[in-house]
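The values are calculated or read from the model by the stated rules, or taken from the named source; none is laboratory data. None of the values given here were measured: they were computed from a predicted structure. Don't worry about glycine lacking a Cβ; one is built from the backbone with ideal geometry, like all the others, and counts go over all protein chains shown. The area values use the complete protein model at the heavy-atom level, side chains included, leaving out ligands, DNA and RNA. Shrake-Rupley method; radii C 1.70, N 1.55, O 1.52, S 1.80 Å.
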Amino acid sequence: MRRVKYFPEVMEIEAYVYTAGPVGTRWLESLRAGKLTAAYCPRCGRLFLPPKMYCPFDFEEVKELREITPIGVVETYTAVERDFYGEPLKERKVLAFIKFPGVEGGLIHYVRTDKPRVGMKVKPKWRDERKGLVTDIEYFEEA
Ligand SMILES: [Zn+2]
């Protein structure tokens with residue numbers, strides 16, 4: 001029988017320290033302004049998330065972010081009830097992969113709901129005080 005190995009550490013999603021890069025920085029600034037944007041490729045016209053400097057389909061340089069309608073759809077999710085040490089969390093956390101109509105890719109973020117489901121429409125709950133972080137969206141909630 002194989003034993004599962006793990007590192008008792010802060011979850012990566014809560015510990016990013018990488019620079020965001022030029023396009024990522026602009027994306028985070030749009031979050032601070034309370035707007036959800038996606039990278040726009042001038043060659044193929046696709047919108048995609050997370051934003052990248054180059055289109056993942058044709059490698060065209062991304063120079064523009066476009067605001068998108070912040071109503072997403074839960075593509076898949078998981079519910080977390082225990083921490084890395086096996087201790088129960090104060091409240092269950094739902095993490096979901098959220099897609100936005102007309103946008104390639106999507107975002108992984110918290111969804112606050114008692115009954116998560118695939119296909120659920122969600123909208124962001126913005127923090128009042130925003131810092132230019134993905135956590136400026138405190139969580140998504142049913143739209
Ligand atoms: Zn493209």
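Give the accessible area for residue 110 in Å² (nearest 10); use a 1.4 Å probe, count only protein heavy atoms, and leave out ligands, DNA and RNA. Spelled out: residue 110, probe radius 1.4 Å, area about 50 Å². Taken about its Cα centre, the chain carries a charge dipole of roughly 240 debye when the Cβ of each Lys and Arg holds +1 and the Cβ of each Asp and Glu holds -1.
Once the Cα atoms are used to define both axes, helix 21-32 deviates from the longest principal axis of the chain by about 70 degrees.
So, in Å, what gap is there between the alpha-carbon centers of segment 35-57 and segment 64-143? One Cα centre to the other: 20 Å. Projected onto planes of every orientation and averaged, the convex hull of the alpha-carbon atoms in segment 98-143 covers 3.7 nm². Taking the three principal axes of the alpha carbon atoms in segment 41-92, the coordinate ranges are 49, 23, 16 Å, sorted in descending order. Considering only 51, 88, 101, the Gaussian network model of the chain with Cα springs below 10 Å gives its largest mean-square fluctuation to 88.
GNM on the chain, alpha-carbon springs under 10 angstrom: the most fluctuating residue among 19, 76, 37 is 19. Of the residues 133, 65, 36, the one with the largest accessible area comes first in the ranking 133, 65, 36, computed with a 1.4 Å probe on protein heavy atoms. At a probe radius of 1.4 angstrom, the accessible area of the chain per residue rounds to 70 square angstrom. GNM remark for the chain: springs join alpha carbons under 10 Å apart, and the peak mean-square fluctuation among 45, 105, 72 falls on 45. Stretching residue 54 away from residue 125 to a fully extended chain increases their span by 22.7 nm, per 0.36 nm per residue minus the current alpha-carbon distance. Ranked from largest to smallest solvent-accessible area, with a 1.4 Å probe on the protein heavy atoms, 141, 67 come out as 67, 141.
Mean residue ellipticity at 222 nm, helices only, the chain: -2500 deg cm²/dmol; runs of at least 4 DSSP H residues each add -39,500 (n - 2.57), and the sum is divided by the number of residues. As an equivalent ellipsoid, the chain spans semi-axes of 28, 18, 16 angstrom, where each value is the square root of five times an eigenvalue of the C-alpha gyration tensor, largest first. When all protein chains stay in place and ligands, DNA and RNA are ignored, the 1.4 Å accessible-area order of 136, 114, 58, largest first, is 114, 58, 136.
The heavy atoms of residue 53 offer some 70 square angstrom of accessible surface to a 1.4 angstrom probe.
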